[in-house]
Amino acid sequence: MSETHNESGAIGSHDSQTVEISAGLATPDILDPVDHRAPLILGAPTFHAITEAVARPLERPPTRGWWICFLISLSMLGLLGVSIAWLFWEGIGVWGLNNPVGWAFDITNFVFWVGIGHAGTLISAILFLFRQKWRTSINRSAEAMTIFAVMCALIFPGIHIGRPWVAYWMFPIPNQMGMWPQFRSPLMWDVFAVSIYGTVSALFWFVGLVPDLATIRDRSTGVRRKIFGALALGWRSSVRHWHHYEKAYLILAGLATPLVLSVHSIVSMDFATSQLPGWHTTIFPPYFVAGAIFSGFAMVVTLMVITRKAFGLEQVITMKHFDYMAKIMLVTGMMVGYAYSLEFFIAWFSGSAYELFTFKNRAFGPYAWAYWTMVSCNVLSPQLFWFKKVRSSLVWLFALSIFVNIGMWFERFVIIVTSLHRDFLPSSWFYFKPTFFDVSTMIGSFGLFFTMFCLFVRFLPIVATAEVKTVLPQAAAHAVEAPRIELDQQTPDGRRLDLAPGGAA
Amino acid sequence: MGALNGILRPSLPPGERFGALAEFASPTELYHACEGVRDAGYTRWDAHAPFPVHGLDRAMGLKPSRLPWVVLVMAVGGALAGMGLQGWVATTAYPLVISGKPFFSWPAFVPITFELGVLGGAVGAVFGMFGMNQLPTLYHPLFGKPSFERASDDGFFISIESWDPRFDANRTVELLRRLGATQVELVAS
């Protein structure tokens, strides 16, 4: 650990400042001379320092901490393999499903993982369109998270169908039976939405990676140079290439934005277009999208707290980034809370006895424990983000992000299982209890996710180096022509402005 | 083998010399140098920067990218294919009466049509961009220069090809020096 710390100090060229920052304590309030905002990247590093900070973790042998994380994740992934193998061998009966509760952990996990992915697309596409420059420090890892989350999500529809060898029936493939999928079904929309979402996310991610792969290629030798050389496709940082590249990136962001909103809307229609009380609700699409962003940001915070510490990226992923993400969690958490209360209002206002019963049963029936876990994790716990102290404490951020992850998993569980377990006919009411294999498959999906993430932080640049360089003050072509700061200018709190080394050359 | 060669090498005219490579100290210097090279009337040249420098395409006199047209065609094509597939399946290949709706109940086909439109657009944007940039091109004469490795780190370069009608080893190097290059070298083909 101490090794990482020493090296992180080398990011900036200004020693006293760097030491102060990598300790994670003070954030100097030096404002940008042009837009009067505090700099996004701390310590005023040079372009080369950014390259070093991002590329170094790839070029060192992995640390013990990485091996520990990787091996734990890998054994959880092994558990997934065993669970799925046993499921295929024995059948769906190894799960705790029963007659009214035909969907439980499987679809809960599916919706949970699709939702996790959405924060990645929000950061990479929507915040890009809104010109939120702070996204550059976290977009690469958030996009990676999206892809891995979609991978986890796609497992569940594949394995929950009981006869996995006919999983290809989900796709419009000409076959000897002359049968075609039913395109009027939201489940079919879902197949297209989620698989296209995964494809577009992967394309977007790869396009963003190409310049950084070239950076790694140019720094390395031997086999690594050949591998990264092939992956970088011969990128030579040409401005003629950047010209088309930037256009492609903008268009991809413009396409991914409606895509991500459509994906979780369509996932919600799997439920909303049914006639089941508790599912048949028009609020579902926006409610699901808000929840997806909420849970996704929680997962980004969970991952970033660890990654930033492990790789000494304190100056690139700053407390300000966490502050922004905490505020987004607060907002989306309240949207979700609003949706919970509105559902109850509509249940009463609709005058439908079945609807009202379902919601009373949800809050006070046999699954009340799950419902109130959800409410306390998703509605109450994020309220702590009103406090600046909580938003600037990594311990609090980490703990609350875990709470939100738990709460959002329970949200899907509550929606699915409480609506199903007491259907119209009381004689068929049944209580769903997870079996060992329900739980092991869920834990296993986390294993897949964290294994992929460990491999990602080990082998690929985890910060979009080229993009971070564009938000440094010296990156603007007219940096020199901008009004220079007078050396004796003072910050509002009376400190003297320090002209950053490596600033406008 | 021919296909592999296409991936490995750029299509350049024959000749011993690729051209001149000049390094500049900062994005600002590069910006003004690009304006200079553009105004001197060069056409076969390029700038290299580790990140997209804002406004540099204008300084180089590049025309707006035609990529959006590719994306438009691909997105519309994807959407049409989506609606076409669903309509054909619902009316011809596997007609089923669902809730007494007409066979071609197009509102139910909108989500998949939209998704396939997005897929077409995204594929068009990514592969159109790589196509316009003629990537992958795994080998390039510029990669022979060790200093050029900094183009993906913190180096700012202009390369002028020897096949440019205005190229003249002495005068081009002189121009680049005058424009503020910290270092100019000639690159073999």
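Taking (1) farther than 30 Å from B:Tyr42 by Cβ; (2) facing chain A (nearest Cβ under 9 Å); (3) hydroxyl-bearing (Ser, Thr, Tyr) in turn, B:Thr113 satisfies each apart from (2). In this structure, is A:Val300 within 14 Å of chain B (Cβ to nearest Cβ), within 18 Å of A:Ala153 (Cα to Cα) and of a type in the set (A, V, I, L, M)? So A:Val300 fails the test.
The residue of segment A:81-135 that is farthest from the chain's Cα centre (by Cα), among those that are surrounded by fewer than 21 Cβ atoms within 10 Å (Cβ to Cβ) and of a type in the set (D, E, K, R), is A:Glu90. A single entry from B:Leu138, B:Leu142 fulfils the requirement of being outside any strand (DSSP E or B), facing chain A (nearest Cβ under 10 Å) and in contact with a Gly (Cβ under 6 Å, 6 or more places away or on another chain): B:Leu138.
Could you check how many residues of segment A:250-263 are within 8 Å of another protein chain (Cβ to nearest Cβ), without any contact (Cβ under 8 Å) to a residue 40 or more places away in the chain and under 13 Å from B:Phe114 (Cβ atoms)? Here the count works out to 1. One residue stands out in segment A:225-244 among those that are in contact with a Lys or Arg (Cβ under 9 Å, 6 or more places away or on another chain) and touching a residue at least 12 places away in the same chain (Cβ under 8 Å): the one that is surrounded by the most Cβ atoms within 10 Å (Cβ to Cβ), namely A:Trp235. Scanning segment A:203-224 for residues that are more than 10 Å from every other protein chain (Cβ to nearest Cβ), assigned to a helix (DSSP H, G or I) and of a type outside the set (A, V, I, L, M) yields a count of 4.
A single member of A:Ser274, A:Ser295 is more than 8 Å from chain B (Cβ to nearest Cβ) and within 19 Å of the chain's Cα centre (by Cα), and it is A:Ser295. Residues considered: A:Ile196, A:Ile173. Of these, the only one that is assigned to a helix (DSSP H, G or I) and within 14 Å of chain B (Cβ to nearest Cβ) is A:Ile196. Count of segment A:56-76 residues, restricted to those that are surrounded by fewer than 21 Cβ atoms within 10 Å (Cβ to Cβ) and touching a residue at least 12 places away in the same chain (Cβ under 8 Å), is 14. Taken residue by residue, segment B:175-185 has at least one member that is within 30 Å of A:Val463 (Cβ to Cβ) and within 14 Å of chain A (Cβ to nearest Cβ).
In this entry, B:Val70 is excluded by the filter for residues that are out of contact with any Phe, Trp or Tyr (no Cβ under 7 Å at 6 or more places or on another chain), more than 10 Å from chain A (Cβ to nearest Cβ) and in contact (Cβ under 8 Å) with a residue 40 or more places away in the chain. The single condition among (1) assigned to a helix (DSSP H, G or I); (2) more than 7 Å from every other protein chain (Cβ to nearest Cβ) that A:Ile266 does not satisfy is (2). In segment B:25-47, the condition of being closer than 18 Å to B:Met129 by Cβ, out of contact with any strand residue (DSSP E or B) (no Cβ under 6 Å at 6 or more places or on another chain) and either within 10 Å of another protein chain (Cβ to nearest Cβ) or at pLDDT below 90 (or both) is met by no residue.
The values are calculated or read from the model by the stated rules, or taken from the named source; none is laboratory data. Bear in mind that the values here come from a model prediction, so they are computed numbers and not experimental data. Note that we place each Cβ from the backbone using ideal geometry, even for glycine, and neighbour counts take in every protein chain shown.
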